[in-house]
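Take a look at the structure below.
Derivation of every value follows stated rules applied to the coordinates shown; laboratory data play no part. Model, not experiment: these values are computed from the prediction. Cβ placement follows ideal geometry from the backbone for every residue including glycine, while neighbour counts extend to all protein chains displayed.
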Amino acid sequence: MTAIRASGERVHALLTDGTTVCVRPARPDDREAVLGLYSQMSDANLRLRFFSVSRRSAEQAAARVAQPEEAGYRALVAEHGGRIIGIAEYRTDGGDASGSAEISLAVGDGRHHRGVGTLLLEHLVSAARADGIRTFTADALAENHEVLKVFADLGLRAERRFAGPEVHCVIPLDDTEDYRRSVERRGQTADVASLVPLLRPGCVAVVGAGRGPGSVGRAVLHNLSTGRFTGALYAVNPAAASVLGVRCYPAVRDLPRVPDLAVIAVPAEGVGQVAEECGRFGVRALLVLSSGLDAHRSSALLTACREHDMRLVGPDCLGVANTEERVRLDATFAAAHPAAGSAGVAVQSGGVGIALLGGLERLGIGVSSFVSLGDRYDVSGNDLLQWWESDGRTDLALLHLESFGNPRAFSRTARRVTRRMPILTVDAGRTEAGRRAAASHTAAAATTTMTRRALFAQAGITATRSVPELLETAALLHTQPLPAASRVVVVTNAGGAGVLAADACAEAGLNLPPLPPGLADDLLAVLPAGASTANPVDATAAVSEEQLRACVDRLATHDGADAVLVALVPTAVAAATGDVLVRALTHAPARRSRTVAAVLLDQDVPVRLLPSDNGQVPAYADPQAAARALAHAAERARRLARPPGTVPVLDGVDTTRGRAVADRFLRRHPDGGWLDPRTCAELLDCYGIPQSPWAWAETEDEAVWAADRLKGPDGHVVLKASWPGLAHKTARHAIHLDLRGDAQVRAAFRDFDVRFGHIMTGAVVQPLAPRGIELFAGVVQDEVFGPLVLFGLGGTATEVLADHAARLAPLTDQDVHDLITAPRCAPLLFGRDGTGPVDLQGLEQFLLRLSRMASDLPQLAEADFDPVLARPEHVTALDARIRLLPRRAHDPYLRRLR
C-alpha cells in the first residue's frame, strides 16, 4: 500500500454552488491548518466528529497528517482561499487482507451543504480503488444525520447497523452505474452553477476597451451596448473617461461594483496581471479574447482563475453570447448580433463560429447561447452540453471541437444529452496523413480519425464532414419530425431530377422501396395522365399545385414511407419560376407526420427554410445534400429507438489476478514491453479469452514432443518462432504451417534456429486450425481517449483491406453489436450460401472480455489478436500479442477541472 503523499495529485473541482476548491493530499506541514479547521468547529460539531468535545481528539487528528508516510493511510484535504475547509481520511488495518478501510470525514463550520464532504469522498473512493480497497467502513453517532445522509447519497450501496447511540456503516466501493450517475448529477449541478456568472451575468466589465476603431475590446463593448445587455456595463481604460458612451475606470479595483464577468482584451503580457486583479476583486468569470500567450503567461492566467474561483473562456476566442430576454448578452466581436432561438453553439475556432452564426442567420434559426472556446483552458464542450441540457431553451446543439480534454466524460454526457436533443458536429481532420507506422496491426489501424469517430458513434453525436453539411442537417432536424426508418419516396416533376435524387438517396444508404399497390392507385387518381408511381414518383411537368399537394399529403401520412423528398425544376407548363409548385409544399395540412424535404435544382443557395402552414420545410439546391441530411436523421431515429446500452457482467473474470500478472511483468521489465507467450496466455486466462491449445518449445526435441501431444486427427501442427517485439510473423517468414511428422517439425525448428537463433527465445507449437473465418481484434490504449477496441477482417488481408470498426471501452451490449455489424465483412459472420452463422454469442463474449481487460489494465498499451478463428462451434484466438507499459490508473469520471 502506498501512502497518499507518495502518489497523490493536486486537482481543482467544483462544489455545488459553483465554487472552485483544490483537492490535494494532506502534507506534514498541514498540521496547523488542520488543527485550525478543528479549533474553529463548534462543540456540537466536534462531538459529532469525535464522539466527544475533547480538544485532545482534534489535536491527535491534526498530528496524524504530520506523521511520516504510513502504509495503508491516506488523507485528502479540500482547500479554498488558502485555507483547509475539509478533510477525509482512510486507514487500513495492517494485518487485514479483506481490502477494507475505515474512513473519517470533517467539514468546517459554515461550509456545510455545498458538497465539500461528498467531493472529498468521491476522490477518496477513487484513490482507494486504485489501492485495491473494496470496502469503506465508518462509525457515526445516530444523531449525525448530515454525515449519514452524505454516505446514503453518495450513490454506493451503504449498509447500516445500529448499536445503541452509534451507527456502523459499510460501503462497498463497487464501480456501479448508479454511482457514476450520482457523480454525474452532482457534477452537472456544480458545472451549471459555475457558468451562471459567465452566461447570465448581472454586471460585465470590458478591460482593454480602446478608443480606436480596430480595438477588439471596443468592438465587444459596442455589441454589449447595442445588443441591449440588461445588466450593468463598465469599461476599464486608464487613458479614457468613456468609450462609446460607457464610463471608463482606471483599473478593475476602481469599479463601483464587482462584475460577474470580466472581458479581457489587453496585450498578452498584461493578461495574467489583469486576471489576478479580477480574482482579488471578486470577479467570478473571465472571457479572455487576447491571443499569443506563452507557457508562462498561460500558467499565470489559469493559476489566477483556479485560486480565485473564476471560470475561464479562452484565451484567443471570439466571445460568448446568450440571447435570453432577461440577459441579452453579446460579448463577441462578431459583425452582427445572433438572433434569439433554440440552437446552442460551441466552437474552438472563431472563424468556424462566424461561419456557423452566419449560416444559422441565413436559415432563420436562432441561437440560445454561443461560446467560442478558443484555446479551451477551462470551459469545454462538456460544460456547454450540461448548460444546454438544463437551460430550458436549447433543443439543438452544434459543436466544432478540435480536441477533447476528457473524452470519456464527454461521451457519457453526450449520450445522455443526445437523447433529448440532436448534437451535431464537424468531423474535421479525416485524412490518413496522421496514420503512423506501428509495431502491431492494432496500432497501425487505430488512427485519430477512427478514435474520434468511435467517440461520436457511441455518444450518438451526428458527425458531418463540413460546416455546410452541418447546417444542411441542422435545417432538417430543426424543422422536421424524425423519420421512423430509412424508407424514402422521391417525388418529382422531371424524370432526370428524380433519378438524381434517387441516386443520392441510395448512395447515402437510404432505401427507396416500391409503393404498395393501394398507395400507388391513390396517387394515380390525383396526378395528371402519364404520371408514374414507381419510386421515384414522376408527377410529370404538367402537375398542378393542387395535384402535387395531394400527392405529397398522401405520402406524408402513409405508413409505406418514412420520408418524402420532392425534387422540382421550373417548367413553363406549371409556372415559369416554379413558385406555384413550391407553394404546394408550404401550404401543408397539420396532419403531415412524415419527414418532408425539397430539392429545388434552380435554387442559388445551398439550403433554405420555406415557411409552411404548420412549420418550415428545408429546401436544398443539391440532391446529395438533401440525402445526406435525411440519412443523418434516419440514423438518429435508429439510435433513439433502441435502449441505452449497458456494460454486461462477465463471469470467470479475475481482475485481481490479472493486475498481479501485469505488475509482476513490469517489475521484471520496468520499461515495459511485449509479453512472452506464457505470460500472455496467463493474462488472457484471467479474463476467459479463449485461445487455441499451444505449447512452448526451446529446443528441437521439445518441439517434437509438443507436436506429438497437440496434433489433431490429421496429425498436422503449426510452428511459430518467438522473440520480444516480433510483430508480423508472416512477413518475417517466422511461421511454418501444415507440419506433419517428427522430421518436418525438426526441419522447421532448425530453419528458425539458422535464421533467428541470435534473437529467438523459443517457438510456439499449435495444432493446425480447421477452416473458418479469420478475424482481427485488438486494443490500443490512447492517452486521452482511453482504450479503443478494434474489430474486422483478419489474416493476411488485415492491413491491405483495412476492413475495421472501432469502439471505445468499456463496451456496452449495443457497442459490441455495432462493432460486429459495422465492417464490410459482417455478412460473412451471419451465414451465406447455405452455411450457418459463426458463434455470434462467443464473438460478443470475446470482444466484451477484451474490453474488460483493457478497462481494468491501464498498463495494457496494445493487444493484437490476429487471426481470431470464427466457426459455428466457437471463436478462438490463434495468435495473441500484448504489450504493457508502466502506466498508473486514471479515473476518467472523477470530478475535476482541467
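Show the residues, 5+ positions off or on another chain, whose built amide H is closer than 5 Å to the amide H of residue 879.
866
Work out the P(r) tail for segment 4-174: percent of alpha carbon pairs separated by more than 25 Å, whole number.
I get 27 percent for the Cα pairs in segment 4-174 exceeding 25 Å.
For a label point 7 Å from the Cα of residue 751 along Cα→C-beta, name the residues of segment 704-723 whose backbone N is under 15 Å from it.
Label zone hits: 717-722.
Once phi is turned into ³J(HN,Hα) by the Karplus curve 6.51 cos²θ - 1.76 cosθ + 1.60 with θ = phi - 60°, what whole-Hz value does each residue of segment 506-513 show in order, with x for glycine and proline?
With coefficients 6.51, -1.76 and 1.60, one gets 4, 5, 7, x, 8, 9, 10, x Hz.
Would you list 308, 145 from fewest to most Cβ contacts within 10 Å?
Least crowded to most crowded, the residues run 145, 308.
If packing is taken as the mean number of other Cβ atoms within 10 Å per residue, what is the order of 660-673, 13-26, 212-225, highest first?
13-26, 212-225, 660-673
What's log10 of I(q)/I(0) for segment 187-266 at q = 0.16, 0.20 Å⁻¹, Debye sum over Cα points only, no solvent?
Debye output, listed in q order: -0.56, -0.82.
For the ranges 396-409, 468-481, what's the packing order if you count other beta-carbon atoms within 10 Å of each residue, average per peptide, and put the highest first?
468-481, 396-409
For segment 812-888, how big is Rg over Rh, using alpha carbon atoms and the Kirkwood form of Rh?
With Rh from the inverse mean 1/r over Cα pairs, Rg/Rh is 1.03.
Considering the convex hull of the alpha carbon atoms of segment 193-403, report its projected area averaged over all viewing directions, in nm², one decimal.
Here the figure is 10.5 nm², rounded to one decimal.
Taking the Cβ of each residue in 729, 149, 711 as the centre, tally the other Cβ atoms inside 10 Å and list the residues starting with the fewest.
Fewest-to-most Cβ neighbours within 10 Å comes out as 149, 729, 711.
So for the chain, taking the charge dipole from beta-carbon charges (+1 Lys/Arg, -1 Asp/Glu), which of 100, 795, 679 sits furthest toward the positive end?
100
Around residue 738, under 12 Å between beta carbons, what's the net of Lys plus Arg minus Asp minus Glu among the other residues?
Within the 12 Å Cβ shell, the charges total +1.
Counting every Cα pair in segment 348-434, what percent are over 17 Å apart?
Tail fraction, whole percent: 51.
With only alpha-carbon atoms in the gyration tensor, what are the semi-axes of the equivalent ellipsoid for segment 693-768, in Å, largest first?
19, 12, 11
Calculate the all-directions average of the projected area of segment 740-898's alpha-carbon convex hull, and give it in nm².
Mean shadow area of the hull around the Cα atoms is 12.9 nm².
Give, rounded to the nearest 20 debye, the magnitude of the charge dipole that segment 149-188 has about its Cα centre when Lys and Arg contribute +1 at Cβ and Asp and Glu contribute -1 at Cβ.
Computed about the Cα centre, the dipole is about 160 debye.
Could you please report the charge total around residue 365, scoring K, R as +1 and D, E as -1 over all other residues with beta-carbon less than 14 angstrom from its beta-carbon?
Summing Lys/Arg as +1 and Asp/Glu as -1 gives 0.
Could you work out the helix-only [θ] at 222 nm for the chain, with each DSSP H run of four or more residues adding -39,500 (n - 2.57) and the total divided by the number of residues, to the nearest 500 deg cm²/dmol?
Result for the chain: -11000 deg cm²/dmol, rounded to the nearest 500.
Binning every alpha carbon pair distance of segment 477-641 at 5 Å from zero, what are the percents per bin?
Once binned at 5 Å, the Cα pair distances of segment 477-641 give 1, 10, 21, 25, 24, 14, 5, 1, 0.
Work out the length of the dipole vector of segment 693-768 about its Cα centre, built from +1 on the beta-carbon of each Lys and Arg and -1 on the beta-carbon of each Asp and Glu, and round it to the nearest 20 debye.
Using Cβ point charges on Lys, Arg, Asp and Glu, segment 693-768 gives about 280 debye.
Nearest-5 percent of antiparallel DSSP beta bridges in segment 193-403?
25
Set Lys and Arg Cβ to +1 and Asp and Glu Cβ to -1, take the dipole of the chain about its Cα centre, and tell me which of 172, 886, 206 lies farthest positive.
Among 172, 886, 206, the one farthest towards the positive end of the dipole of the chain is 206.
What percent antiparallel are the DSSP beta bridges of the chain, to the nearest 5?
Approximately 65 percent, going by the DSSP bridge assignments.
Can you tally the net charge around residue 295? Count Lys and Arg as +1, Asp and Glu as -1, for every other residue whose Cβ sits under 14 Å from the Cβ of residue 295.
The answer is -2.
For segment 735-752, what does the Karplus curve 6.51 cos²θ - 1.76 cosθ + 1.60, with θ = phi - 60°, yield as ³J(HN,Hα) per residue in whole Hz, taken in order and with x for Gly and Pro?
Each residue of segment 735-752 in turn: 9, 10, 9, 6, 7, 9, x, 4, 4, 5, 5, 4, 4, 5, 5, 5, 4, 4 Hz.
Would you calculate the convex hull of the Cα atoms in the chain and tell me its volume per residue in Å³?
210
Could you tell me the center-to-center distance, by alpha carbons, between segment 101-167 and segment 53-85 in angstrom?
Computed from Cα coordinates, the inter-centre distance equals 16 Å.
Mean projection of the alpha-carbon convex hull of segment 634-755 over all orientations, in nm²?
12.9
Quick one: grab Rg to one decimal and Dmax as a whole number for segment 140-194, Cα atoms only, in Å.
Rg, Dmax (Cα atoms, Å): 13.5, 42.
Given a cut-off of under 8 Å on Cα pairs at least six residues apart, what relative contact order in percent is computed for the chain?
It rounds to 8 percent for the chain.
When 760, 450, 310 are ordered from fewest to most other Cβ atoms inside 10 Å of their Cβ, what list results?
Least crowded to most crowded, the residues run 760, 450, 310.
Treating the Cα atoms of segment 323-390 as identical point scatterers in vacuum, please give the log10 of the normalised Debye intensity I(q)/I(0) at q = 0.14, 0.16, 0.28 Å⁻¹, two decimals.
Summing over Cα pairs of segment 323-390 leads to -0.39, -0.52, -1.45.
Could you work out how far the C-alpha centroid of segment 803-849 sits from that of segment 606-640, in angstrom?
What the calculation gives is 32 Å, centre to centre.
Where the centroid of each part is defined by its Cα atoms, how far is segment 257-272 from segment 361-394 in Å?
22
Where the only charges are on Cβ atoms (+1 Lys, Arg; -1 Asp, Glu), what is the dipole of segment 158-244 about its Cα centre, to the nearest 20 debye?
660
Compare the Cα positions of 353, 245, 301 along the charge dipole of segment 193-403 (+1 at Cβ of Lys, Arg; -1 at Cβ of Asp, Glu; about the Cα centre) and return the one farthest towards the positive end.
Value computed over the given set: 245.
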